[in-house]
Amino acid sequence: SAKQAGRGQYRFFDSSLNVADIEEFVLEQAFSAALEERQFVLHYQPQVRLESMQVIGYEALIRWQHPEFGLVYPDRFITLAERSGFILSLGWEVLRLACEEMAFWRSQGIKAQMAVNVSPLQLRQADFSDRVLSELESYGLDPACLELEVTETCVLDAEGQAIEHLQSLRKAGLHISLDDFGQGYAGFSHLQMLPLTRLKIDRSLITKLSNTHNDSPIVSSTIILAKRLGLEVIAEGIETREQLVYLRLAGCDIAQGYYFSRPMTADQLHKYPPFMDSMETTCA
Ligand code: C2E
Ligand code: MG
Ligand code: MG
Ligand code: MG
């Protein structure tokens, strides 16, 4: 009964009854219930190769479909999920949903790639790389179809295990991209420490393009540097044709942003025409 549960909770908090603990407890309950009730969903935003203007894949972006609050965006809960440790279960749920969707694409003969965001905390799990590979295998998916988007915080992770996980996943054929490049400390040395395949230029740098008459030495030299390091360059947050034209001339390989499409639900995606173009991608 409620009375019993209340007493149980009281005992739980007895030794250290403070607001932070209670908040954490309530949030933890809400997260687990939401996970169990499958309230976390992925939306998908197309990534377009500029040379061919074809959709080559999609970034999976999590949303919390809350029964009362409606659609809750990740900026509202990822930090909390990281602080409470829930990000680990959430991360596996995201991977499962991404694999499920890709398996559906395969059943339709569509070979698009999926990019999934990974928190540095996830990379601290001893079994991270093994579990990612076995998840792919259980869905019969080629590892080359999955891209992990990591941030430079992974390099700063003292544990060091993060880089090893990324190396073995890279070896297995996954793509690894460095997300939000140009937003943080952005040490160029990080680029060589991580087994990257792609560099993602942060939206803040792309947004500035419009304010600087579409000439940004930072963006253009980042593209040149990344290419010298053998990386593909993807720009995020493209909203205008001018940005697209500039990036194309500057040698950017792939672009993503509202200019092409906002992130879509699976249902929207299945009806979106460029989806079919992705049949011609090289991903097996
Ligand atoms: P991100 O990985 O850098 O993702 C790009 C964000 O920019 C997304 O916001 C996307 O909807 C938004 N965006 C894309 N194109 C445009 C554009 O043209 N203009 C503007 N203004 N915004 C654009 P979203 O979906 O709210 O996600 C925010 C952040 O939450 C992500 O940034 C990522 O860091 C995190 N995130 C999302 N899904 C996951 C997840 O499954 N796991 C983890 N750990 N983090 C996630
Ligand atoms: Mg991302
Ligand atoms: Mg980003
Ligand atoms: Mg971002």
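Scaled to the globular estimate 2.2 N^0.38 Å, the Cα spread of region 117-171, given as radius of gyration, is 1.10.
Report in % the part of the accessible area of the chain that belongs to carbon and sulfur, leaving out ligands and nucleic acids; probe 1.4 Å. Present the calculation step by step, with values, prior to reporting the outcome.
Numbers: 7530 of 14520 Å².
Answer for the chain: carbon and sulfur cover 52 percent of the accessible area.
To the nearest 20 debye, what charge dipole does the chain have about its Cα centre, counting +1 at the Cβ of each Lys and Arg and -1 at the Cβ of each Asp and Glu? Before the final figure, lay out the partial values.
On the way: 25 positive and 38 negative charges, 74 e Å.
In total the dipole reaches around 360 debye.
Taking 14 Å as the straight-line reach from the Cα of residue 200, the aspartates and glutamates in range (excluding those fewer than 8 positions away in the same chain) are 59, 147, 149, 152, 179, 180, 232, 236, 253.
Taking all Cα-Cα distances within the chain, those exceeding 25 Å account for 51%.
A 1.4 Å probe run over the chain, with the rest of the protein chains in place, finds 51 Å² accessible per residue. What does the charge add up to near residue 65, with Lys and Arg as +1, Asp and Glu as -1, over the other residues with Cβ less than 12 Å from its Cβ? In short, 0. Normalised by the number of residues in the chain, the average gap of Cα pairs under 8 Å and 6 or more apart makes the relative contact order 19 percent. Computed extension gain for residue 135 through residue 107, at 0.36 nm per residue and net of the alpha carbon distance, reaches 8.3 nm. For residue 265, the residues whose amide H sits under 5 Å from its own are 44, ignoring neighbours fewer than 5 places away on the same chain, with H placed 1.01 Å from N. In loop segments of region 45-142 as defined by DSSP, the GluC sites (Glu not before Pro) with at most 10 further C-beta atoms inside 10 Å of their C-beta are 51, 68.
The values are calculated or read from the model by the stated rules, or taken from the named source; none is laboratory data. Given the structure is predicted, the values throughout are model-derived calculations rather than measurements. Note that each Cβ is placed from the backbone with ideal geometry, even for glycine, and that neighbours are counted across all protein chains shown. To get the accessible areas, we keep the full protein, side chains included, count just its heavy atoms, and leave off ligands, DNA and RNA. Shrake-Rupley method; radii C 1.70, N 1.55, O 1.52, S 1.80 Å.
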